[in-house]
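Notes for the one structure printed next.
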Amino acid sequence: MIDYLGRFSERIAGRFSGRKFTPIACSACFSDEGLRLDAEKTGIDVPRPCPNCTKTGFKKLSRDALELLTHRFFVWGSLQKVLFGAAPLIQFNEHQATSIDVAPWLANDVKLLERLLGIGFFYYGPRLWMIGEVEPLKALQKKGKQQSIIERILAEYPARILKPNDQFYRIRVNPSVPDDPQQYDSPPPQFAGHGRLDSAGNPILYGSSDLEVCVHECRVTAEDDIYVASLIPSRELRLLDLSALLKEEDGTEFESLDMSIHMLFLAGKHSYKIARAIADAARNAGFDGLIYPSYFSLLRLGQMPFQTVYGISHRRIPALQDHEQAKAIPNLALFGRPVQNGTVQVTCIDKLILSAVRYQFHFGPTGA
């Protein structure tokens, strides 16, 4: 899969470094409303007529911007999620003629993109690792094979030290006594087993250094009274870091432990049983908790999941691994009741007021 998003981010910077901006279309060129709105967001103001439709007063798009728009609408916009992983249903390139079914309101736009970019659209047959055919991940779903993979996780993922000056946050919604530090410890027993990593008898204090992620993780509403506690460890805590990108040199995505954990934490509630087994094993191995990637990492950063170049995951390409690592916003999961036992201190409690909510979105084709 061609990474038009990555190519655009590098090449569009040219317009800010003295390179001449050459428009080839504008937002008014499009009939589909979603595509037109996305073009308006992507384009820039240029005070001259559009070279394609001759209209003035609309955002202009260069070839780079048009490639980005096309990728975002047709490829990202056709992304199909499965139990583990996801893959786009539509792709495009310069070598194939268009063979997809197109809605009548989109037909003229497809012809325009074919002409301006010299491309064709086709249904994409992804490599099967993209939809969960990853051997360690499949083994984690089988009771008889799960333990051996968990042992690999404990051995291959790095340990990190959370130091006494490493502050993080915990959100509480409608606490009974907002200024009581104990209200910001792990949930009481009657609420055990509702989170990704906790289970009955194994409570977990969830937190993050990213306050916006905390707010989103707690599914707050405008009617809630929201409070945020600032916390620091009282001593060094040893955590298993599952947010790390493993730089595996051997094998492919099909054998990748890194891809297995990446997919596990981007999956929904059906993955919780596996994640809890990993947490239990880490607790038994003497860790104080876990660092794990937030389920909302990509949404928080506005990134497309499971990006590839010709079917190879960006996580496997050395030049892109730092960028991929930065997509994982780390959450904390501390075992037991660390506030009660003094392992963690609450240094401050504030009321949090939602003053505005903004949505960023883009569009995709229907029927994909």
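Since every read-out is calculated from the coordinates, none of them should be taken as a lab result. Since we're looking at a predicted model, the values are computed, not measured. With ideal geometry, Cβ positions are generated from the backbone for all residues, glycine too; neighbour counts draw on all protein chains shown.
Label positions at Thr56 and Lys20, each projected 7 Å from the Cα along the C-beta direction, are separated by 2.1 nm. The angle separating the long axis of helix 143-156 from the principal Cα axis of greatest extent in the chain is about 90 degrees. A straight line joining the Cα centroids of the stretch 255-279 and the stretch 292-368 runs 15 Å. Based on Cα atoms of the stretch 4-126, Rg over Rh with Rh as the Kirkwood radius reads 0.98. Loop-located GluC sites (Glu not before Pro) in the stretch 229-268 (DSSP state other than H, G, I, E, B) with a sparse environment of at most 15 neighbouring Cβ atoms within 10 Å: Glu236, Glu249.
By the helix-only formula, in which each DSSP H run with n ≥ 4 contributes -39500 (n - 2.57) and the sum is divided by residues, the chain has a 222 nm mean residue ellipticity of -7000 deg cm²/dmol.
Of the cross-linked pairs Lys163/Lys269; Lys59/Lys111; Lys60/Lys327; Lys142/Lys273; Lys143/Lys269; Lys247/Lys327, which ones have a Cα-Cα span greater than 22 Å in the structure shown?
Cα-Cα > 22 Å for Lys163/Lys269; Lys60/Lys327; rest within.
Of the peptides 111-118, 357-364, 86-93, 99-106, the order by per-residue mean of other Cβ atoms within 10 Å, starting with the highest, comes out as 86-93, 111-118, 99-106, 357-364. Annotation for the stretch 184-248 versus the stretch 115-151: alpha-carbon center distance of 28 Å. Building the convex hull from the alpha-carbon atoms of the stretch 80-163 and averaging its projection over directions returns 10.2 nm². A Förster distance of 35 Å, applied to the separation of the beta-carbon atoms of Val102 and Arg358, puts the FRET efficiency at 0.65.
Among rounded, prolate and oblate, which fits the stretch 233-368 when a ≥ b ≥ c are the square roots of the eigenvalues of its C-alpha gyration tensor, a/c under 1.5 means rounded, and a/b larger than b/c means prolate? It is oblate, given that a/c is not under 1.5 and a/b is not larger than b/c. Taking every C-alpha pair closer than 8 Å and separated by at least 6 residues, the mean separation divided by the residue count of the stretch 194-304 gives a relative contact order of 39 percent.
Each semi-axis of the equivalent ellipsoid for the stretch 131-352 is √(5λ) with λ an eigenvalue of the Cα gyration tensor; in descending order they amount to 30, 19, 16 Å.
A Förster distance of 56 Å, applied to the separation of the beta-carbon atoms of Ser209 and Thr252, puts the FRET efficiency at 0.95. Taking the stretch 172-203 and a reference point 7 angstrom along Cα→Cβ of Glu223, the backbone N atoms nearer than 17 Å belong to 173-175.
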